[in-house]
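See structure below.
The values are calculated or read from the model by the stated rules, or taken from the named source; none is laboratory data. For clarity, every value in this text was computed on a predicted model and none was experimentally measured. Note that we place each Cβ from the backbone using ideal geometry, even for glycine, and neighbour counts take in every protein chain shown.
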Amino acid sequence: MKRSIRYELRRPRRSVALLAALLASVASLASHAQEVQLSREALIALTPEWQGERFPDGRPKVPDDILERMKLVTLEEAWAVLRNNNYRHQYAGDWQVLNPDGVLVGRALTAVFMPGRPDVHRAIQSYGLAHGRKGGQNTWPVEMLQPGDVYVADQFGLIKDGPTVGDNVGSAIHARSGNGLVYDGALRDIAGLKEIEGFTAFFRGYHPSHHLNNPDGDLNTTLVSINGPTRIGEVMVMPGDVVLGRDGGVIFIPPHLAERVVKTSEIVRLRDMFGQQRIREGVYTSAQIDTRWSPEIERDFSQWLEDHIDELPVPRDQIQELLRDRTF
């Protein structure tokens with residue numbers, strides 16, 4: 001009994017440390033209530049399973065090579081890995097897509113807008129301008145983008161008088177990140193946005209109007225969060241999540257699972273290539289391939305990997321790692 005009690009007393013230390021960090025961040029924000037950006041300490045506390053590099057603001061920085069390899073991952077492959085790890089609410093669908101043949105991959109930089117409220121809007125705007133932010137609130141997150149980022153914004157589905165992104169802001173997004181955006185709201189200047197080469201956008205609608213941001217007149221949007229938890233559809237998106245947008249849908253991958261998603265996808269891709277080739281050659285039947293492989297097929301697969309290592313759509317070093325880990 002005493003041993004069990006000692007264990008229970010020791011076990012919560014990590015949770016206590018996490019809570020302490022969050023409380024410290026909340027206390028800090030209480031004294032700077034108009035600041036909309038989540039503190040570095042709070043962001044680190046909310047993403048404890050990421051053990052790799054971070055941006056100065058605390059966002060997890062998944063390596064560029066993982067992002068590059070992620071471009072070949074399908075939504076189904078990513079979804080299966082996330083579900084197997086008990087992440088069941090990471091997919092958002094029903095989008096309109098600018099550049100529908102493009103694949104959008106990058107690290108999420110998040111923003112949340114709410115229906116405009118004059119007193120809150122004035123407080124946030126005054127504090128932001130006094131602390132170095134420039135221009136309208138819709139540009140503040142954009143100015144923070146880094147190469148490889150994806151701008152992920154919750155605009156609460158607003159269509160008429162809602163767009164905070166047109167071709168000018170879109171050009172700024174692409175210039176800073178080399179990427180596009182996921183936008184739970186309406187875009188404007190679609191014709192101009194289409195002219196930005198390599199710009200892929202997932203959005204809810206189009207409207208020729210623009211957002212209204214005058215707290216002393218017409219006001220319909222107020223920025224309330226940068227780099228904090230953000231809801232997109234049924235997903236809680238965290239800053240630094242890897243965004244994978246393709247084929248009309250978007251999935252948000254927690255950074256600590258990004259490499260696992262990529263490696264699983266590459267194994268599936270190679271096994272599919274091998275199996276389909278052997279079926280076409282008449283070496284095996286579909287029944288033999290579409291089930292748990294026999295040791296003989298596994299050995300044939302290993303030999304096939306070695307014979308075609310420089311021809312396959314997976315980096316050579318990753319194939320070598322796969323071969324080292326195999327027991328057949």
TODO: Run Ile251 past the list (1) more than 14 Å from the chain's Cα centre (by Cα); (2) at negative phi and report the number of the one that doesn't hold.
DONE: (1)
Task: Long-range neighbours under 6 Å by Cβ, at least six apart or interchain, first residue within 16 Å of Arg83 (Cα to Cα) within segment 254-272, second of a type in the set (Lys, Arg) - done: Val262/Arg69
Task: Conditions (1) surrounded by fewer than 18 Cβ atoms within 10 Å (Cβ to Cβ); (2) part of a strand (DSSP E or B); (3) of a type in the set (Gly, Ala, Ser); (4) within 20 Å of the chain's Cα centre (by Cα); number of the one not met by Gly205 - done: (4)
Task: Boolean, Ser265 is in a helix (DSSP H, G or I) and either of a type in the set (Gly, Ala, Ser) or at pLDDT below 95 (or both) - done: yes
Open item on the list: Quick test for you: out of Val242, Val152, Val224, pick the one residue that is under 28 Å from Pro60 (Cα atoms), surrounded by fewer than 23 Cβ atoms within 10 Å (Cβ to Cβ) and among the β-branched types (Val, Ile, Thr).
Closed with: Val224
TODO: Select from segment 122-158 the residues that are at positive phi and free of Cβ contacts under 8 Å to residues at least 12 places away in the same chain and list them in ascending order.
DONE: Gly132, Gly135
Open item on the list: Need the failing condition index for Val105 against (1) assigned to a loop (DSSP other than H, G, I, E, B); (2) in contact with a Lys or Arg (Cβ under 6 Å, 6 or more places away or on another chain); (3) buried (at least 19 other Cβ atoms within 10 Å of the Cβ), just the number.
Closed with: (1)
- [ ] Can you run down the residue pairs with Cβ atoms below 8 Å, 6 or more apart or on separate chains, where the first is in segment 303-319 and free of Cβ contacts under 8 Å to residues at least 40 places away in the same chain and the partner is not in a helix (DSSP H, G or I)?
- [x] Leu305/Leu312; Arg316/Ile309; Arg316/Asp310
Open item on the list: Please go through segment 281-308 and give me each residue that is among the aliphatic types (A, V, I, L, M) and surrounded by 10 or more Cβ atoms within 10 Å (Cβ to Cβ), ordered by number.
Closed with: Val283, Ile289, Ile297, Leu305
TODO: For Arg69, state whether it is surrounded by 13 or more Cβ atoms within 10 Å (Cβ to Cβ), modelled with pLDDT of 95 or more and not assigned by TED's automatic domain parsing to the domain that holds Lys263.
DONE: yes
- [ ] Residues being part of a helix (DSSP H, G or I) and in contact (Cβ under 8 Å) with a residue 24 or more places away in the chain: count how many of those fall in segment 170-190.
- [x] 8
Open item on the list: Here is a check on your reading of the model: is Ser294 without any contact (Cβ under 8 Å) to a residue 60 or more places away in the chain and touching a Leu at 6+ places or on another chain (Cβ under 7 Å)?
Closed with: no
Open item on the list: Suppose we filter Leu257, Leu312 for residues that are buried (at least 17 other Cβ atoms within 10 Å of the Cβ), part of a loop (DSSP other than H, G, I, E, B) and hydrophobic (A, V, I, L, M, F, W, C); which single one remains?
Closed with: Leu312
Task: Single residue of Glu49, Glu35 found to be assigned to a loop (DSSP other than H, G, I, E, B), among the charged types (D, E, K, R) and in contact with a Phe, Trp or Tyr (Cβ under 8 Å, 6 or more places away or on another chain) - done: Glu35
Task: Among (1) free of Cβ contacts under 8 Å to residues at least 12 places away in the same chain; (2) buried (at least 19 other Cβ atoms within 10 Å of the Cβ); (3) not in a loop (DSSP other than H, G, I, E, B) - the single one Glu76 does not satisfy - done: (2)
Task: Residue within segment 146-162 that is within 21 Å of the chain's Cα centre (by Cα) and farther than 20 Å from Gly106 by Cβ present - done: yes
Task: Options Asp161, Asp167; residue that is over 13 Å from Asn213 (Cα atoms) and touching a residue at least 24 places away in the same chain (Cβ under 8 Å) - done: Asp167
Open item on the list: Whether any residue in segment 227-242 is farther than 30 Å from Arg122 by Cβ and assigned to a helix (DSSP H, G or I) is what I want to check.
Closed with: no
